[in-house]
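Enquirer: One structure is given below, represented as structure tokens, and several questions about it will come after.
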Amino acid sequence: MAYRIAVVGSGYVGLVTGLCFAETGNHVVCVDIDQQKVEQLNRGQLPIYEPGLGVLLERNLRNGRARFTTDLAEAVRFGTVVLLCLPTPPQEDGSADVQHVFAVAERIATLLQQDSVHEPRLIVTKSTVPPGTTQRLQALFAQRLPDRRVVVASNPEFLREGTAVEDFMKPERVIIGTRDAWAEHVLRELYEPFVRSGNPIYVMDETSAELTKYAANAMLALRISFMNELSAYCEALGADIEKVRLGIGSDSRIGKRYLFAGLGYGGSCLPKDVRALVQSARSLGVHFRLIPAIEEVNHAQAERFVGRILKRLEPVHGRCVALWGVAFKPNTDDIREAPAFRVIDPLLHAGVCVRAYDPEALPNVQRRYGERLQYAASMYECLEGADALVIATEWNEFRNPDFELMRSRMRQPLIFDGRNLFSPEEMLERGFEYHSIGRPSAVPSGMA
Ligand SMILES: NC(=O)c1ccc[n+]([C@@H]2O[C@H](COP(=O)([O-])OP(=O)(O)OC[C@H]3O[C@@H](n4cnc5c(N)ncnc54)[C@H](O)[C@@H]3O)[C@@H](O)[C@H]2O)c1
């Protein structure tokens, strides 16, 4: 059956979730505190770049199944199901800040106390929250509304920015954390259209569901850090991490994905979730050894890369570096904890001028760096007079560039590739000095 759904928080997760549920026939009200964002969305304009989302927005506004508001009260009155898609940013000590989630839960409890219609409500934590949070929220509602049927369930989200709509529409699995039969039934019905091909819906207790999300992100980050740690060794040995990747990835026990050495992971999830997992365990007296090292390796990777750039550019002051890609990964405009920052910041600190190009993220980059960076309107304009090119994000348009044009724009044909886009042998043939991650550098005679 079709449900009335309120989505609280209309960011990457809330917007995708709300519009996908509207697409499958539900009636959805999305709430956000950002008035400008809400007005933009009601006009049919997306505040973020996410492939495939624009069509969903346009269609579901037109057919009246999705609308946007800043009024939480209206949404809570409307929704039988209330999805919390609020930010859970990292605090100073790394733990997840759940204040937005609890503040909204308190307000919902107050609104429900004032509501004369005693309809049952299902509140769902879609935000990534420390294990135990959903049960704490359940206790809050039980205490504030002892006579009402308010169930809180966990339903962590696994979408990836850049392919968020596809991920939501075809999830590899859906995790439902609840021990309540009605909540399970509602969530199963909501997700049924997305798992027609037979992908599983796993139902478990709330806390295991919450931990599943953290465990997944920590495992992905671990794979990246594992390869990055080996890449440093490859560089010292003269071995090739790409060959090692192919060799181990073809073992079905290991698998091919998330084994790319590079500048390290970033974004709004992996870094914060790894830290939050460590802190969450620590708060119960469990001191992980392996998981904290994931982040150490991640930082060391960028430091090592920058060290190589600065050493090669000596004397560095006044040098100009072109930077391709700032978004934390391709196909998004999201720059939260972008690995590119771990290159830009130390370069600026060393007195290097940085000119950045990104196909989608430049408005966000400009908001962060203002006049401290130069900005280019195209990947080739970015190279004008540059002493070196640094590649920080593997956007598709960087994969087959016009190398002749590149050479003609740069002061010298020198590339530091943090994403291993090209083959060192071919770059040598093209006359570039080419440094990448975990592979031997290509240095034409007469350079370096
Ligand atoms: N971005 C991802 O790829 C992803 C994937 C899986 C899980 N998650 C998790 O989902 C949660 C949301 O992430 P996101 O990337 O969508 O965040 P986001 O910052 O893009 O969106 C959060 C939205 O909530 C709004 N908001 C803040 N306080 C509010 C309030 N009191 N009332 C209403 N709206 C409010 C903000 O204005 C913003 O639009 C986080 O816990 C994150 O870890 C994110």
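The values are calculated or read from the model by the stated rules, or taken from the named source; none is laboratory data. In this text, all values refer to a predicted model and were calculated from it rather than measured experimentally. With ideal geometry, Cβ positions are generated from the backbone for all residues, glycine too; neighbour counts draw on all protein chains shown.
Enquirer: Restricting the search to region 1-45, which residues are among the polar types (S, T, N, Q), touching a Lys or Arg at 6+ places or on another chain (Cβ under 9 Å) and not in a loop (DSSP other than H, G, I, E, B)?
Expert: Result: T17, N42.
Enquirer: Six or more apart or on different chains, Cβ atoms under 8 Å: show the pairs whose first residue is in region 118-146 and more than 17 Å from N217 (Cβ to Cβ) and of a type in the set (A, V, I, L, M, F, W, C) and whose second is part of a loop (DSSP other than H, G, I, E, B) and within 16 Å of the ligand (Cβ to nearest atom).
Expert: Here the result reads V124/N155, each pair linking region 118-146 to a residue that is part of a loop (DSSP other than H, G, I, E, B) and within 16 Å of the ligand (Cβ to nearest atom).
Enquirer: I need every pair where a residue in region 70-86 that is of a type in the set (D, E, K, R) has its Cβ under 8 Å from the Cβ of a residue that is surrounded by fewer than 24 Cβ atoms within 10 Å (Cβ to Cβ) and at pLDDT 95 or above, sequence separation at least 6 or different chains.
Expert: Qualifying pairs under 8 Å: R77/L111.
Enquirer: With the structure loaded, tell me whether M204 is more than 16 Å from the ligand (Cβ to nearest atom), surrounded by 22 or more Cβ atoms within 10 Å (Cβ to Cβ) and of a type in the set (A, V, I, L, M, F, W, C) or whether it fails that test.
Expert: no
Enquirer: The conditions are (1) within 16 Å of the ligand (Cβ to nearest atom); (2) assigned by TED's automatic domain parsing to the domain that holds V81; (3) surrounded by fewer than 23 Cβ atoms within 10 Å (Cβ to Cβ); (4) of a type outside the set (D, E, K, R), and V129 fails exactly one of them. Which is it?
Expert: The failed condition is (3).
Enquirer: Across region 64-91, what is the total count of residues that are assigned to a helix (DSSP H, G or I), within 11 Å of the ligand (Cβ to nearest atom) and out of contact with any helix residue (DSSP H, G or I) (no Cβ under 7 Å at 6 or more places or on another chain)?
Expert: 1
Enquirer: While we're here: Out of region 388-442, which residues are among the charged types (D, E, K, R) and closer than 16 Å to F305 by Cβ?
Expert: E394, D417, R419, E433, R439
Enquirer: Only one of these conditions is not met by Q91: (1) under 21 Å from the mean Cα position of the chain (by Cα); (2) closer than 19 Å to C30 by Cα. Which number is it?
Expert: (2)
Enquirer: Just to be sure, is S250 touching a residue at least 40 places away in the same chain (Cβ under 8 Å) and more than 24 Å from the chain's Cα centre (by Cα)?
Expert: Spelling it out, it is not the case that S250 is touching a residue at least 40 places away in the same chain (Cβ under 8 Å) and more than 24 Å from the chain's Cα centre (by Cα).
Enquirer: If you scan region 362-397, which residues turn out to be within 20 Å of G262 (Cα to Cα) and not charged (D, E, K, R)?
Expert: A388, L389, V390, I391, A392, T393, W395, N396
Enquirer: Just to verify a result, which residue in region 92-108, among those that are exposed (fewer than 15 other Cβ atoms within 10 Å of the Cβ) and of a type outside the set (D, E), is nearest to the ligand (Cβ to nearest atom)?
Expert: Checking each candidate, the answer is A103.
Enquirer: Let me ask you something else. From the set of residues in region 138-165 that are within 14 Å of the ligand (Cβ to nearest atom) and more than 15 Å from the chain's Cα centre (by Cα), which is surrounded by the fewest Cβ atoms within 10 Å (Cβ to Cβ)?
Expert: Taking the candidates together, the pick is N155.
Enquirer: Which one is surrounded by the fewest Cβ atoms within 10 Å (Cβ to Cβ), of the residues in region 166-197 that are of a type in the set (F, W, Y) and over 30 Å from P359 (Cβ atoms)?
Expert: Here the residue is W182.
Enquirer: Also, I was wondering about something else. Scan region 19-46 for residues that are surrounded by 18 or more Cβ atoms within 10 Å (Cβ to Cβ) and within 18 Å of the chain's Cα centre (by Cα) and report the count.
Expert: Going through region 19-46 one residue at a time, the tally reaches 0.
Enquirer: Which fully enclosed helices (runs of 4 or more DSSP H) of region 204-309 have 1 or more residues being of a type in the set (A, V, I, L, M, F, W, C), closer than 30 Å to E433 by Cα and in contact with a Leu (Cβ under 7 Å, 6 or more places away or on another chain)?
Expert: In region 204-309, 206-237, 241-249 are the helices (runs of 4 or more DSSP H) which contain 1 or more residues that are of a type in the set (A, V, I, L, M, F, W, C), closer than 30 Å to E433 by Cα and in contact with a Leu (Cβ under 7 Å, 6 or more places away or on another chain).
Enquirer: Considering S378, S436, which residue is in the same structural domain as V354 (by TED's automatic domain parsing), free of Cβ contacts under 8 Å to residues at least 24 places away in the same chain, of a type in the set (S, T, Y) and surrounded by 19 or more Cβ atoms within 10 Å (Cβ to Cβ)?
Expert: S436
Enquirer: May I ask you to say which residue of L111, L61 is closer than 26 Å to N42 by Cβ, touching a Gly at 6+ places or on another chain (Cβ under 6 Å) and more than 10 Å from the ligand (Cβ to nearest atom)?
Expert: The conditions single out L61.
Enquirer: Separate question: Working only within region 50-80, note down all residues that are surrounded by fewer than 23 Cβ atoms within 10 Å (Cβ to Cβ) and within 24 Å of D115 (Cα to Cα).
Expert: Passing the criteria: R65, R67, T69, T70, D71, L72, A73, E74, R77, F78, T80.
Enquirer: Looking only at residues that are acidic (D, E) and within 22 Å of G267 (Cα to Cα) in region 166-189, which one is nearest to the ligand (Cβ to nearest atom)?
Expert: D167
Enquirer: Only one of R368, R308 is within 21 Å of the chain's Cα centre (by Cα) and either among the basic types (K, R) or buried (at least 19 other Cβ atoms within 10 Å of the Cβ) (or both). Can you tell me which?
Expert: R368
Enquirer: Same structure, new question: Would you say L389 is surrounded by fewer than 21 Cβ atoms within 10 Å (Cβ to Cβ), over 30 Å from G52 (Cβ atoms) and either under 24 Å from the mean Cα position of the chain (by Cα) or not assigned by TED's automatic domain parsing to the domain that holds L46 (or both)?
Expert: Spelling it out, it is not the case that L389 is surrounded by fewer than 21 Cβ atoms within 10 Å (Cβ to Cβ), over 30 Å from G52 (Cβ atoms) and either under 24 Å from the mean Cα position of the chain (by Cα) or not assigned by TED's automatic domain parsing to the domain that holds L46 (or both).
Enquirer: (1) more than 10 Å from the ligand (Cβ to nearest atom); (2) among the aromatic types (F, W, Y); (3) modelled with pLDDT of 95 or more: which one isn't true of Y49, the others all being true?
Expert: (3)
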